[in-house]
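Visitor: Can you keep this structure in mind? I'll have questions shortly.
Just so it is clear, none of the values below were taken in a lab; they were calculated from the coordinates. The structure presented is a predicted model; accordingly, all values stated were derived computationally and were not measured. As a convention, Cβ positions derive from the backbone with ideal geometry for all residues, glycine included, and neighbour counts pool all protein chains shown.
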Amino acid sequence: MTALTDTSLSLEQFHGQQGKFAIVVGNEHAGVSNEMLAQADIVLTIPMMGFVQSLNVSVATAVVLWEITR
């Protein structure tokens with residue numbers, strides 16, 4: 001799951017997990033619910049430069065999928 005939280009792990013630091021896992025993405029307006037965030041084992045953030053703090057949901061998903069499959 002990607003979100004800006006105090007405990008988010010940078011996507012660059014995430015080295016995958018053994019076994020199955022799910023990637024959760026929220027909509028561009030509201031993001032992921034607090035209930036879903038509370039259930040997540042790991043919350044990732046995508047490092048960005050400048051003033052931008054979010055990406056279009058399809059772009060964010062593509063970045064995460066690219067990083068975890070390379």
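Visitor: I want to check the label-to-label distance for Ile42 and Ile68. Put each point 7 Å from Cα in the C-beta direction and report it in nm to one decimal.
Guide: 0.8
Visitor: Measuring from label point to label point, each 7 Å out along Cα→Cβ, what is the Leu9 to Val25 span in nm?
Guide: 2.1
Visitor: From the P(r) of the chain, could you give the percentage of C-alpha pairs in the tail past 14 Å?
Guide: The share of Cα pairs beyond 14 Å in the chain comes to 59 percent.
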